[in-house]
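Presented below is the structure to which this report refers.
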Amino acid sequence: ELPNRDRRFISMVVPSSADEYEAQWWGQAPQEQIFILVPADQYQCGYMPWAQQNWPMTSPGAWPMDSMVAPCQPQMQMPQMSPQVPKVEPSQAAPAPAPAAPLPPHVAPAPAVPVPAVQPMAVNGTKTSWSDEPIGGEADLEAQENMDDSAAQVIKDTETSERRPTSSAARRLRRKRASERQRQAEADPNPYPEELDMDQLRKRLETDPNGVAGQMRGHVYDLARDPSHCRLLQEVLERCSSREGQRLAEELQGRVWELSTCPHGNFVVQKVISHLSCSASEFIARELQGWAVPAAKNRQACRILCRLLEFRGSGATWDLIDELLKDVGSLCQHSFAHHVIQSVLEHGKAEHKERIADALLLDGFRFATHKHSSYLIEKVLCYCSERDQEKLIRSLGTMPKLLELAKTPYGSFVARALLRDERVNYEGAMRLFKQHQKELEESKHGLRFLLELKLVV
């Protein structure tokens, strides 16, 4: 029913024959809709003669217009009816259209509007359907699949190259970020309140360090993260009293992990560990629990673990080391974590050293020839127990192993460390190296090893 309630319209969906179209819409026969506008006073409400007389609905011309129009009271309401449209197979031919019945005299015929025929699009000479799916031959489909595979491979290679930049590109990116941080720091040299005159505080530091520490209260976290003012805060922690230093350190509680990974704040945390008492700095080890492995693999946070081992061998620190050594095998070969493992060998408990030695001796030659873990093999000969040292010498101190180590870039340092031990047959090793002198001279690492032993000039 139209909004003005003066006219009613009937919408009938009439399937057309599939032979009239060259392509199909999503695999279904195309359809057309016919809207018949009939005056309300000439439409007999609720009466559909074509539904009772089984008029064919394949063509509008088969509907007698005079039988559809009948006088009706305008105030009557038309019931909600949905005509059942019979399903017409595409193969069925539509009957010949019958001549349309004449309209009443007072109804003007609607002008015919020409509808242009829409042809399917052509892509590379192949017609496509409305779903943009090619309906050409198998050769076109195969060519498109090959093109899609090559394009997908190019995209995959591009994404891989973007995810893994080269070492030189990574260095340039780090330098760019560092220069941006420096420019940002220079653009805002004094972001603190006016009462913090940093130049005046530096002058007062020599005579009144406790007074300077008192003025810094409330701004310790911001000063620790500042690239230029964190040095002044470190000097204050070195010179002020323990009471004032503890008050400053209390402002860092709850922010240890953030400061430990900060390029500037980690130095302040190190000063708190090295210059304050155990009770004043114990919160650092407690807050790092659960983050031991990520901290050991971080460029800045690994220093915090090393300082804790050097100055704070407390219960919280040992709990942190127990958590760390659960993944000792991979940490020994990490570029930053191997420094923490080295500190454990130097300052840790005997049980911690034994666990590290056992992990290294599982595959001694592989760890001895690795860039980072080769340092730890040398430290085992210095700081581990006699039993662990003898196990290492039996594993790597034999003549064939020494010769193989001398040919590798990092294993040659381990071979020199083993030769300095009295339990290794030094004379026999020298004779072996002289016998294989030409073989060692073929590589630059072997030649360097011979030069250090003064076997060649």
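Give region 235-258 a look and list any residue that's under 39 Å from the mean Cα position of the chain (by Cα), surrounded by fewer than 17 Cβ atoms within 10 Å (Cβ to Cβ) and part of a helix (DSSP H, G or I), or say none.
Matches in region 235-258: GLU250, GLU258.
Taking the conditions exactly as written (among the β-branched types (Val, Ile, Thr), out of contact with any strand residue (DSSP E or B) (no Cβ under 7 Å at 6 or more places or on another chain) and open to solvent by 70 Å² or more (accessible area, probe 1.4 Å)), does THR261 satisfy them or not?
No.
Would you be able to tell me the number of residues in region 316-335 that are in contact with a helix residue (DSSP H, G or I) (Cβ under 7 Å, 6 or more places away or on another chain), among the polar types (S, T, N, Q) and open to solvent by 20 Å² or more (accessible area, probe 1.4 Å)? Full working, then the answer.
Initially, region 316-335 is screened for residues in contact with a helix residue (DSSP H, G or I) (Cβ under 7 Å, 6 or more places away or on another chain), giving 316-317, 320-321, 323-325, 327-329, 331-333.
Narrowing the set further to residues that are among the polar types (S, T, N, Q) leaves 317, 333.
Pick out the ones that are also open to solvent by 20 Å² or more (accessible area, probe 1.4 Å) and you get 333.
Total meeting the criteria: 1.
Taking region 268-279 only, how many residues are of a type outside the set (Lys, Arg), open to solvent by 10 Å² or more (accessible area, probe 1.4 Å) and assigned to a helix (DSSP H, G or I)?
Here the count works out to 5.
Under the condition of being out of contact with any Ser or Thr (no Cβ under 6 Å at 6 or more places or on another chain) and over 21 Å from ARG299 (Cβ atoms), which residue from region 362-378 is most open to solvent (accessible area, probe 1.4 Å)?
Once the filter is applied, the top-ranked residue is LEU362.
Do any residues in region 165-194 that are closer than 22 Å to LEU232 by Cα have Cβ atoms under 7 Å from those of residues that are at pLDDT 60 or above and part of a helix (DSSP H, G or I), where the two are at least six apart or on different chains, and which pairs are they?
Close Cβ pairs (under 7 Å, with a partner that is at pLDDT 60 or above and part of a helix (DSSP H, G or I)) amount to ASN190/MET198; TYR192/ASP222.
Taking the condition open to solvent by 40 Å² or more (accessible area, probe 1.4 Å) and either of a type in the set (A, V, I, L, M) or over 32 Å from the mean Cα position of the chain (by Cα) (or both), does ASP358 pass?
It is true that ASP358 is open to solvent by 40 Å² or more (accessible area, probe 1.4 Å) and either of a type in the set (A, V, I, L, M) or over 32 Å from the mean Cα position of the chain (by Cα) (or both).
In region 381-398, what residues are in a helix (DSSP H, G or I) and surrounded by fewer than 14 Cβ atoms within 10 Å (Cβ to Cβ)?
CYS382, GLU386, ARG387, GLU390, ARG394 - these are the residues of region 381-398 that are in a helix (DSSP H, G or I) and surrounded by fewer than 14 Cβ atoms within 10 Å (Cβ to Cβ).
Condition test on LYS353, is it among the basic types (Lys, Arg), without any contact (Cβ under 8 Å) to a residue 40 or more places away in the chain and in contact with a helix residue (DSSP H, G or I) (Cβ under 7 Å, 6 or more places away or on another chain)?
In short, yes.
Looking at ARG355, is it closer than 20 Å to SER330 by Cα and not aromatic (Phe, Trp, Tyr)?
Values: closer than 20 Å to SER330 by Cα: yes; not aromatic (Phe, Trp, Tyr): yes.
Considered against the rule, which asks whether it is closer than 20 Å to SER330 by Cα and not aromatic (Phe, Trp, Tyr), ARG355 comes out as yes.
The values are calculated or read from the model by the stated rules, or taken from the named source; none is laboratory data. Just so you know, these numbers come straight off a predicted model, no measurement behind them. Note: ideal-geometry Cβ built from the backbone for every residue, glycine included; neighbour counts use all protein chains shown. All accessible areas refer to the heavy atoms of the entire protein, side chains included, with ligands and DNA or RNA removed. Shrake-Rupley method; radii C 1.70, N 1.55, O 1.52, S 1.80 Å.
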